[in-house]
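The values are calculated or read from the model by the stated rules, or taken from the named source; none is laboratory data. Quick caveat: nothing in here was measured; it's all calculated off a predicted structure. We place every Cβ from the backbone using ideal geometry, glycine too, and count neighbours over all the protein chains shown. Note: accessible area is taken over every heavy atom of the protein model, side chains too, but ligands, DNA and RNA are not part of it. Shrake-Rupley method; radii C 1.70, N 1.55, O 1.52, S 1.80 Å.
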Amino acid sequence: MKPLVSIVLPTDKRPELLNRCLEALMRQSLPYHTFEVIVVDDADDSATRQVVEAAAQRSKTTPIVYLAQPQRRGPVAARNRGWREAKGSIIGFTNDDCIPGDDWIRNAVDAFIDGAEVVSGHLCLQCSEKTMQFQRISSYMENAELVTANCFCLKTALEKVDGLEESFDTAWQADNDLQFKFIKSEIPITKRKDVVTDYPIRPGSWWECLKEERNNCYDALLYKRHPKLFREKLREQNNALLYYTIVIGFLIGVYGQINELTYVSFYGFALFTAFLVVLFIKRLWGTPLNLVVLGQTVVTTAATPFLAVYWRLHGAVKHRTLYW
């Protein structure tokens, strides 16, 4: 029997997390024969293959398909390969580190019965404490209208917009690009809070946020592809203006120092310091305070504007677009 739903699950050398996700999919309240699971392995990893084959033997009635990418191309390309080879008329996306709720697929199907074309579910963040990492992810999730870690689409809707854009070779901004393509194609996105996936946040190093600033180069690509929607949807969600103000203030201060212009140097560094303090307070807000966190926040706050501006300008040059 042809499945109604195909769940596409990209993965990359995380067999233990993948196994946990597959176990959650095997607990779905929807009859097992009505959906299939397609695991797309971006690393062509033997341990991952073993996990999928073992899950397929346990599932009995639910087909679990393993697809190995011939070369590593990132999660966006993996999702595209998965949905294009899917048999279901409804495509569900999640991540290997997510844990779908027992009624995840059933509730999504109910939304399509009610006439939905694209369903955006609710990601329930799980973290032992409210770290800066948690605050960053939580802020993003609160503003996101479509996240491929938890969404369902009619296959015809994906075909209409030609799937996800593979120019985004990381997951950053690929979800927003897909959302914007749906908007341009007049395909409505239905929000459903009962389509729930748990998302345990794995602890990372405190300087992880500095490494993530590299993702800002993809903002330029998103802006180039959808300038109007970028300005409408995302301009107020980032700190770009604040970052530029801090960097410009610092450069003015340095210029004044080099040229022995005391007042120029004073006002430049005053501008730099004032807005850096604003950024520091924003980043620290809602985070449990202790000396370690304060020290880490000072370091990351001081470095972030310079890294963010560098990668934004790098993206603007790389993608040949005037954008800030």
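In whole percent, how big is the carbon plus sulfur part of the accessible area of the chain, probe 1.4 Å, protein atoms only? Within the chain, the accessible surface is 57 percent carbon and sulfur. For the chain, the longest principal axis of the alpha carbon atoms and the long axis of helix 240-258 meet at an angle near 30°.
Based on the mean of other Cβ atoms within 10 Å per residue, sort peptides 95-104, 240-249 so the most packed one is first. Can you show the working numbers first?
Working: 95-104: 20.9, 240-249: 18.7.
Packing order, densest peptide first, comes out as 95-104, 240-249.
Quick check: the angle from helix 291-318's long axis to the longest principal axis of the chain, C-alpha only, nearest 10 degrees? Result, in degrees: 80. Computed from backbone phi with θ = phi - 60° and the Karplus coefficients 6.51, -1.76 and 1.60, the 3J(HN,Hα) list for the stretch 54-62 is 5, 5, 5, 5, 6, 6, 6, 9, 9 Hz; x is used for glycine and proline. When the charge dipole of the chain is built from unit charges on Cβ atoms (+1 for Lys and Arg, -1 for Asp and Glu) and taken about the Cα centre, the candidate among Leu313, Leu25, Val298 whose Cα reaches farthest toward its positive end is Leu313.
Greater than 21 Å separation of Cα atoms is the criterion. Which listed pairs, Lys13/Lys60; Lys181/Lys224; Lys191/Lys224, meet it?
On the way: Lys13/Lys60 25 Å; Lys181/Lys224 13 Å; Lys191/Lys224 27 Å.
Check vs 21 Å cut-off fails for Lys13/Lys60; Lys191/Lys224.
Against the empirical 2.2 N^0.38 Å (N residues), the stretch 1-72 has a Cα radius of gyration ratio of 1.05.
Taking the stretch 137-250 on its own, what percent of its Cα-Cα pair distances exceed 26 Å? Don't skip to the answer; put the middle values down first.
On the way: 1678 of 6441 pairs.
Tail of P(r) above 26 Å: 26 percent of Cα pairs.
Residues whose amide H lies under 5 Å from that of Glu36, counting only those 5 or more places away or on a different chain, are Val5, Ser6, Ile7; hydrogens are built 1.01 Å from N in the peptide plane. Phi angles across the stretch 4-13 convert, under the Karplus curve 6.51 cos²θ - 1.76 cosθ + 1.60 with θ = phi - 60°, into 3J(HN,Hα) values of 7, 10, 10, 9, 9, 10, x, 8, 8, 6 Hz, Gly and Pro given as x. Overall, the chain carries a charge dipole of about 420 debye about its Cα centre when +1 sits on the Cβ of Lys and Arg and -1 on the Cβ of Asp and Glu, all other atoms neutral. Per-peptide packing, taken as the mean over residues of other Cβ atoms within 10 Å, places 156-168, 184-196 in the sequence 156-168, 184-196 from highest down. The equivalent ellipsoid that matches the C-alpha gyration tensor of the chain spans semi-axes of 41, 21, 18 angstrom, in descending order. When peptides 264-272, 7-15, 287-295, 201-209 are sorted by average Cβ neighbour count within 10 Å, with the highest value leading, the order is 7-15, 264-272, 201-209, 287-295.
With a threshold of 18 Å on the Cα-Cα distance, the over-threshold entries among Lys193/Lys233; Lys233/Lys282; Lys2/Lys155 are Lys193/Lys233; Lys233/Lys282. Working note: 222 nm ellipticity from helices only, DSSP H runs with n ≥ 4, each -39,500 (n - 2.57), summed and divided by the residues of the chain, gives -16000 deg cm²/dmol to the nearest 500. Applying the Karplus relation 6.51 cos²θ - 1.76 cosθ + 1.60 with θ = phi - 60° to the stretch 267-281 yields 3J(HN,Hα) values of 5, x, 5, 5, 4, 4, 5, 4, 7, 5, 5, 4, 5, 4, 5 Hz, where x marks Gly and Pro. Projecting the Cα positions of Phe35, Leu271, Ala171 onto the charge dipole of the chain (unit charges on Cβ atoms of Lys, Arg, Asp and Glu, taken about the Cα centre) puts Leu271 furthest along the positive direction. In square angstrom, what is the accessible area per residue of the chain with a 1.4 angstrom probe? I get 50 Å² per residue for the chain.
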